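Asker: Just passing along the structure, written as structure tokens.
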Amino acid sequence: MKIAIGNDHVGYYLKDAVLEVLVQRGIEVIDVGSYDDQSCDYPVYGEKVGRLVANKDADLGIVLCGTGVGISIAANKVKGIRAVVCSEPYSAKLSRMHNDSNVLGMGSRVIGPELAKMIVEQWLDAEFEAGRHSRRVDLIKTIESKEE
Ligand code: RB5
């Protein structure tokens, strides 16, 4: 399992907590930055993570900014990405099971490190249920293909 992680200067404050979970699980991490809390632009890192996941250079991605929103929007602009912003574990888990989310977004101004760890754990433990959910995810892909 390989996970790409990206963040801006605000999301940086959640990064250590997320890395702790990933390292503990023996997951290989591709860290696209940023690497400190110096002001930078979240779309740069959202796109980088999105491309790594879409190209299958990473299995999943995690993106962090102040709210988790901007960097997730950026990741979602890459074809094949289903990025979700989660502030609690239930949505994170269901986003894997029903929506086959492949990028998880979180905000350091919204949640603290312990909740972030719990969210990551639930997201990683859940699996896509396929079945009727495949039809719905396929419909999402159809919308995407209309944009080409
Ligand atoms: C940066 O101030 C902030 O806008 C960014 O981290 C994020 O919250 C955007 O969605």
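The values are calculated or read from the model by the stated rules, or taken from the named source; none is laboratory data. All values reported here derive from a predicted model rather than from experimental measurement. Positions of Cβ are generated from backbone atoms using ideal geometry, with glycine treated the same way; all protein chains shown enter the neighbour counts. The accessibility values were calculated without ligands, DNA or RNA, using every heavy atom of the protein model including side chains. Shrake-Rupley method; radii C 1.70, N 1.55, O 1.52, S 1.80 Å.
Asker: Send over a whole-number figure in Å² for the accessible area per residue of region 1-123, probe 1.4 Å.
Answerer: With the other protein chains kept in place, region 1-123 gives 46 Å² per residue.
Asker: Further question: Starting at the first residue of region 6-17, write each ³J(HN,Hα) from the Karplus equation 6.51 cos²θ - 1.76 cosθ + 1.60 with θ = phi - 60°, in whole Hz, x for Gly and Pro.
Answerer: Values, residue by residue: x, 7, 9, 5, 7, x, 3, 5, 9, 4, 4, 5 Hz.
Asker: Right, something else. If you wrap the chain's Cα atoms in a convex hull and average its projection over all directions, what's the area in nm²?
Answerer: Result: 7.9 nm².
Asker: With each run of n ≥ 4 DSSP H residues scored as -39500 (n - 2.57), what mean residue ellipticity at 222 nm is computed for the chain after dividing by its residue count and rounding to the nearest 500 deg cm²/dmol?
Answerer: Taken over the chain, the calculation gives -15000 deg cm²/dmol.
Asker: Report, in listed order, any pair from 77/141; 15/77; 56/79; 48/77; 2/141 with a Cα-Cα distance greater than 20 Å.
Answerer: Details: 77/141 13 Å; 15/77 23 Å; 56/79 12 Å; 48/77 11 Å; 2/141 23 Å.
As for pairs spanning more than 20 Å Cα to Cα, those are 15/77; 2/141.
Asker: Per residue of region 85-98, what does 6.51 cos²θ - 1.76 cosθ + 1.60 with θ = phi - 60° give for ³J(HN,Hα)? Whole Hz please, x for Gly and Pro, Karplus curve as stated.
Answerer: So the J values, rounded to whole Hz, are 9, 10, 10, 8, x, 4, 5, 4, 4, 5, 5, 7, 5, 9.
Asker: Here is a further query. Determine the share of region 1-131's accessible area contributed by carbon and sulfur atoms, expressed in whole percent, with a 1.4 angstrom probe.
Answerer: Summing carbon and sulfur atoms, their accessible area is 49 percent of the total for region 1-131.
Asker: Checking the cross-link filter: which aspartates and glutamates have an alpha carbon closer than 15 Å to that of residue 93, excluding same-chain neighbours under 8 positions apart?
Answerer: 121, 125, 127, 129
Asker: Determine, for each peptide in 123-132, 41-50, the mean count of other beta carbons within 10 angstrom over its residues, then list the peptides with the highest first.
Answerer: For the peptides 123-132, 41-50, the packing ranking is 41-50, 123-132.
Asker: Apply the Karplus curve 6.51 cos²θ - 1.76 cosθ + 1.60, θ = phi - 60°, to the phi angles in region 134-148 and return the couplings in whole Hz, x for Gly and Pro.
Answerer: Listing the rounded values in order: 4, 4, 6, 5, 4, 5, 5, 5, 5, 4, 4, 5, 5, 7, 6 Hz.
Asker: Which value in Å is the Kirkwood Rh of region 1-54 over different Cα pairs?
Answerer: Across region 1-54, the inverse of the average 1/r is 11.3 Å.
Asker: Given a cut-off of under 8 Å on Cα pairs at least six residues apart, what relative contact order in percent is computed for the chain?
Answerer: Computed value for the chain: 25 percent relative contact order.
Asker: Okay, next question. Under 17 Å Cα-Cα from residue 146, which aspartates and glutamates qualify once same-chain neighbours fewer than 8 residues away are excluded?
Answerer: Qualifying aspartates and glutamates at Cα under 17 Å: 138.
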